[in-house]
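Beneath this line is the structure, given in structure tokens, with notes to follow.
The values are calculated or read from the model by the stated rules, or taken from the named source; none is laboratory data. Only a predicted model underlies this, so the values are computations on that prediction, with no experimental measurement involved. With ideal geometry, Cβ positions are generated from the backbone for all residues, glycine too; neighbour counts draw on all protein chains shown. Just so you know, the surface numbers come from the protein's heavy atoms only, side chains and all, with ligands and any DNA or RNA stripped out. Shrake-Rupley method; radii C 1.70, N 1.55, O 1.52, S 1.80 Å.
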Amino acid sequence: MALYGNIKKNHYLVVLGVLTIVLVGFFGWSWNSFAQTAGDNQSDESVTALNAEIDAKRKEVEELNKRAQIYEDTVKAKQKEASTLQNQLSLIDVQVEQTQNDIERITAEIEALNLELEQLAVNIADKTVELQSSQEVLAQYLRLIHRYDQQTYLEILMTNKSFSEFFDNFQYTQKLQADVEQALVATRTMRDELALQEKEKSDKKSELSQLSDKLTGSVADLGNQKDYKTTLLADTKEDEATYQVLLAEAKREQDSAQADIRSLESKARSQLEEEGVDLSADTQLIWPVAPLKGISAYFHDPSYPFRHIFEHPAIDIPAPQGTPIRAADNGYVVRAKNAGMGYSYIMLVHNDQFTTVYGHVSRIDVTEEEYVVRGQQIGLVGGLPGTPGAGGLTTGPHLHFEVRSNGIPVNPLDYLPGY
């Protein structure tokens, strides 16, 4: 019986010893790894070089952003100057430089993001190895605990020389169980960190895709601006008087469109009331095109280049030529005017005395007296000088978007989601 008791006791002590070794090994690895992995990675030459590249690229982006602000201020100042041919040509030249700077900036941002994705890939690989090692050690630890748990307290009690020794070992076992829980928390922490890094990687890839689209649009804008200058020089024959005649023609075109809109809205509203049509308008419109490049001209914008001809009753949303235009809300197509090479536009009437107008469209996808639903494609963005639907008063691809309440133009930004 004494021999059996010594064997059982030795088995118990061996288990505790092994557990102790595993636990010390685990925590020695786990906590040191937690504290030192970042430092070890930073000391690695390749990671250090990668971080240096990222810092350099971000500084380059910062400088290009500062330059972009200077160009923006210059453009605003030029837009306040009188609309002469010389001023217009000078404005185009500044806008070309501004767009070239945008291309450089977006390219640098793309390069920085690619470097950050490369850095994330290294971090994720390191964290994955760390997590796998942690899980393996923890699994071994739990297997030993499970094996020990197969013994009853009576068996363990019989293998100890005294109650004091039994209680000492019992308390030590409880400590080991607490340590296991600590190890589990550490493993969960590593797993959560890995999940966060994977999400960050996904977010950066999405941002990279958006930047690539912006770059494509900016390259197209640069070509459009250069084409516009060529077209303007050809149309005016570099003569100021000819330029002023073109402006006068464009003004007549806009005045005709505005008169048409006022007249047609009143008739359409009466017709819809007689028919008892409910268009289920929403209190907030949706963006007809996404403002990925901001707003180029605001409602009654004092810097609008043609403000001396008429107040700008809309917002201009820059977008690549051919971008789909969506109905801002459920509506009735009152006007779908295809003016050939002139000013083409679409007009929708909504409930609650609201009307929306979509100008400089290069293609119309709806017909008059048709009902449309919120988000439905109604046409394509135009505005590129010398193309169908652009008309005379345009300097590049964009959507001219008006909102009217009881026939009076109001600021569209008051009815659109936050910008």
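Of the whole protein surface, residue 120 contributes about 10 Å² of accessible area at a 1.4 Å probe radius. Among residues other than residue 83 with Cβ under 12 Å from its Cβ, the summed charge is +2 (Lys and Arg +1, Asp and Glu -1). For trypsin sites (Lys or Arg not before Pro), the sites in segment 209-311 that DSSP calls loop and that have at most 15 other Cβ atoms within 10 Å are 237.
Sparse packing (at most 13 other Cβ atoms within 10 Å of the Cβ) combined with a DSSP loop state is found for the following trypsin sites (Lys or Arg not before Pro) in segment 69-107: 80. Over segment 374-419, accessible surface divided per residue gives 33 Å², non-protein components excluded, 1.4 Å probe.
Ordered by solvent-accessible area of protein heavy atoms (1.4 Å probe), largest first, the residues 334, 373 come out as 373, 334. More than 23 Å apart: what percent of Cα pairs in segment 285-378 qualify? That tail contains 25 percent of the Cα-Cα pairs.
Using 0.36 nm per residue and subtracting the Cα-Cα separation, the extra length available between residue 309 and residue 67 on full extension is 84.0 nm. Put a dot 7 Å past the Cα of residue 275, heading toward its Cβ, do the same for residue 262, and the two dots end up 2.6 nm apart.
As a calculated quantity, the FRET efficiency between residue 233 and residue 192 at R0 = 45 Å, using C-beta atoms, amounts to about 0.15. Taking all protein chains together and rolling a 1.4 Å probe, residue 109 ends up with roughly 30 Å² accessible. Taking other residues whose beta carbon is less than 13 angstrom from the beta carbon of residue 251, and scoring Lys, Arg as +1 and Asp, Glu as -1, yields -2. With the whole protein complex present, residue 216 retains an accessible surface near 90 Å², based on a 1.4 Å probe. Considering all C-alpha pairs of segment 239-311, those separated by over 20 Å amount to 61%.
Label-to-label distance, residue 139 versus residue 249, with points set 7 angstrom from Cα along the beta-carbon direction: 7.9 nm.
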